[in-house]
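Below is one structure; the comments refer to it alone.
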Amino acid sequence: MKKKRENTTTISGFIIGATILRRYRRLHRHLFQLISVFSACLLLFLVSFSLLAPPPIRRHHHHHLSTSNDAMEIASDSDQETVFRVPASGGSLGRDLWSSRQSGSYVGCSNASGNFMTSDAKTNPNRYLLIATSGGLNQQRTGITDAVVAAYILNATLVVPKLDQKSFWQDSSDFAEIFDVDQFISFLSKDVKIIKELPVKGGKAMTPHSMRVPRKCTPKCYLNRVLPVLNKRHVVQLSKFDYRLSNKLSKHLQKLRCRVNYHALKFTDSILDMGEKLVEGMRKKSKHFIALHLRYEPDMLAFSGCDFGGGEKEREELGKIRKRWKTLHASNPDKVRRNGRCPLTPGEVGLMLRALGFGSDVHLYVASGEVYGGEETLAPLKELFPNFHTKDTIASKEELATFASFSSRMAALDFIVCDESDVFVTNNNGNMARMLAGRRRYFGHKPTIRPNAKKLYKLFMNRNNMTWEEFTSRVRTHQIGFMGEPREIKPGRGEFHENPEACICDTSDKSPKEASQQNQSEDSYKMDDNYKEDNKTRDSGDATDEQVPEDEQDWFDYLDNEAMLGEKRRQHNGADSEPGILSKPDQPELEELFSD
């Protein structure tokens, strides 16, 4: 009986266990179905939300954003997730934005010293020097300035220079249509004898002997290379005369450069009158204004080899243009940018100016040629500075009609407005930027902003990883030494036309007249020794390679190297050549593209 009871208990246990197991499996199946339904609903909800929600703001970390991205960042002030917000106001710099500190203590002083030999005492009547300038307006201006000094070194009469009418810039203007030729001759009459054209001798026109000197040719170089030919032929024309005189000269020769550039070279009355109308037009709009020289032409961008953030379309378009110059090496955009050789985009110029303290109410005059990408490229700059002006918006077509067909005359109008502006800024380091930087130093150190591209590129590339306040602080730090302040460039550094230190006197402890007299006295004392220094035997007579600034490597050194390589190839192939004479390269645009 006991055994039967145990069997019944065992069977009951099995039955109860099976029942529990069935209920557990049923419950697990229902739970799994419930989880599956819940997951499907959640997935459906997420998909629906992603379709209905607005697209997120894209964050590019490329060193150059496209113009549309720049504008999006500027317009995204209301987005709480955006870190880099550009304010409408410029904030405070703690000083006057429209003037340079201590600028009143420095004045231009370029008068000749008492021992400086006059043209009557030193000009040889049987020596005539002609030059053929090269490039755009400001490159030609450097050539004209240096031609006067070269004529002084050679004791020669200078014939009024011929302007380049066949260059990339295609301008048929002659000297007298750009500059006041009578002012040029009369102002320099005590320094160098200048005539308008070669005289006729024996009833026959004199035929000049054409030759070329190297870039940065020293006084010794001229005496060794040009003087023997000049004594033999009596009339010499120096071709493609741009940067053909050494940057470093004795102080009295540097002052002669300044007398030519800042006093003798005056635009014609018609150009000056139109330029002043443009300045007056800007003054009517605002008490202060900024002038921006913007170099952003397709040819220039292609030649630079830089990447401006336009993607495959940009690479294809600029790549086709770049193929024009067969001697150019393959582009390396990152390396070029690291070396500070890429011009700033319009949007980057705007960000730099805002970071330096200029708000959206500032009026901006823009001097530029054709801008790659047109209005789309300019949009970020206009977004930051809506008071945007050019020659065409200030003057009527009728007023500009007599200038419009001549690139050099149009460039002269921009030069005047940029020179008269309260602040001048550039996105490049071309000839116009350098010429204006030097001129503005000489006439009172008016603020002149040159981008420290070598440092700024990292900021532009990483700007979305920092706050606007941090970006502003770094821009202001990097721009120290690039704002046109007195003595911001170390003595002996910088291209002379950009930093005419020999022609600027410190008047902090004396009156301008006393400073000028002291400066002239120092010139008289040092002149003979300096002239001897120019002719020391350490100079081989070849072009010198002095003074290449750390942050401002000269494009023209590269361009000239390319021309020299082409000349060496030509000589290697057996072409005739005269010693000391360089022929014109086969690709003239190569040296002219960056001229202004």
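The values are calculated or read from the model by the stated rules, or taken from the named source; none is laboratory data. What you are looking at is a predicted structure, and each value in this text was computed from that prediction instead of being measured. Counting neighbours? That spans all protein chains shown, and the Cβs are built from the backbone with ideal geometry, glycine included. SASA here: full protein model, heavy atoms, side chains in, ligands and nucleic acids out. Shrake-Rupley method; radii C 1.70, N 1.55, O 1.52, S 1.80 Å.
Hey, can you tell me all the residues within segment 262-303 that are modelled with pLDDT of 95 or more and among the small types (Gly, Ala, Ser)? Once the filter is applied, which keeps residues that are modelled with pLDDT of 95 or more and among the small types (Gly, Ala, Ser), segment 262-303 yields 264, 270, 275, 281, 286, 291. Scanning segment 230-254 for residues that are in contact (Cβ under 8 Å) with a residue 40 or more places away in the chain and either farther than 28 Å from residue 503 by Cα or among the polar types (S, T, N, Q) (or both) turns up 230, 231, 234, 235, 236, 237, 239, 246, 247, 250, 254. The condition (being exposed (fewer than 15 other Cβ atoms within 10 Å of the Cβ) and in the same structural domain as residue 457 (by the TED database)) is satisfied by just one residue among 326, 313, 320, 284: 284. Of the residues 315, 337, 324, the single one that is part of a loop (DSSP other than H, G, I, E, B), of a type outside the set (S, T, N, Q) and on the phi < 0 side of the Ramachandran plot is 324.
Condition check ((1) under 25 Å from residue 378 (Cβ atoms); (2) among the hydroxyl-bearing types (Ser, Thr, Tyr); (3) assigned to a helix (DSSP H, G or I)) across all residues:
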| position | (1), (2), (3) |
| --- | --- |
| 245 | no, no, no |
| 256 | no, no, yes |
| 274 | yes, no, yes |
| 278 | yes, no, yes |
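Looking at this structure, is residue 249 among the aliphatic types (A, V, I, L, M) and under 30 Å from residue 397 (Cα atoms)? Here the answer is no, as residue 249 does not meet what is asked.
Of everything listed in (1) touching a Leu at 6+ places or on another chain (Cβ under 7 Å); (2) of a type in the set (A, V, I, L, M); (3) closer than 16 Å to residue 349 by Cβ, the single unmet condition for residue 412 is (3).
Evaluation of residue 428 against the conditions (1) in contact with a His (Cβ under 9 Å, 6 or more places away or on another chain); (2) in a helix (DSSP H, G or I) shows that the sole unmet condition is (2).
Within the span defined as segment 355-369, one or more residues are in a helix (DSSP H, G or I), crowded, with 22+ Cβ neighbours inside 10 Å and at pLDDT 95 or above.
In segment 436-478, the qualifying residues are those that are of a type in the set (A, V, I, L, M) and not in a helix (DSSP H, G or I), and the one that is nearest to residue 83 (Cα to Cα) is 466.
Each row is one residue, and each column tells you yes or no for (1) touching a helix residue (DSSP H, G or I) at 6+ places or on another chain (Cβ under 6 Å); (2) surrounded by fewer than 18 Cβ atoms within 10 Å (Cβ to Cβ).
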{"site": "387", "(1), (2)": "no, yes"}
{"site": "394", "(1), (2)": "yes, no"}
{"site": "398", "(1), (2)": "no, yes"}
{"site": "402", "(1), (2)": "no, yes"}
{"site": "407", "(1), (2)": "no, no"}
{"site": "413", "(1), (2)": "yes, no"}
{"site": "417", "(1), (2)": "yes, no"}
{"site": "425", "(1), (2)": "no, no"}
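Just one of the listed residues (393, 402, 377) is among the β-branched types (Val, Ile, Thr), under 15 Å from residue 300 (Cβ atoms) and either touching a residue at least 24 places away in the same chain (Cβ under 8 Å) or in the same structural domain as residue 498 (by the TED database) (or both), and it is 377. Among the residues of segment 176-207, the ones that are open to solvent by 50 Å² or more (accessible area, probe 1.4 Å) and in contact with a Leu (Cβ under 6 Å, 6 or more places away or on another chain) come to 0 in all. Please verify whether residue 412 is over 24 Å from residue 456 (Cα atoms), assigned to a helix (DSSP H, G or I), among the hydrophobic types (A, V, I, L, M, F, W, C) and in contact with a strand residue (DSSP E or B) (Cβ under 9 Å, 6 or more places away or on another chain), treating the condition exactly as stated. Criteria met by residue 412. The number of residues in segment 438-458 being surrounded by 24 or more Cβ atoms within 10 Å (Cβ to Cβ) and closer than 19 Å to residue 141 by Cα comes to 2.
The set of residues in segment 68-113 being of a type in the set (A, V, I, L, M, F, W, C), in a loop (DSSP other than H, G, I, E, B) and modelled with pLDDT of 70 or more consists of 83, 84, 86, 88, 97, 98, 109, 112. Against the numbered list (1) closer than 21 Å to residue 267 by Cβ; (2) hydroxyl-bearing (Ser, Thr, Tyr); (3) surrounded by fewer than 24 Cβ atoms within 10 Å (Cβ to Cβ), residue 123 comes up short only at (1).
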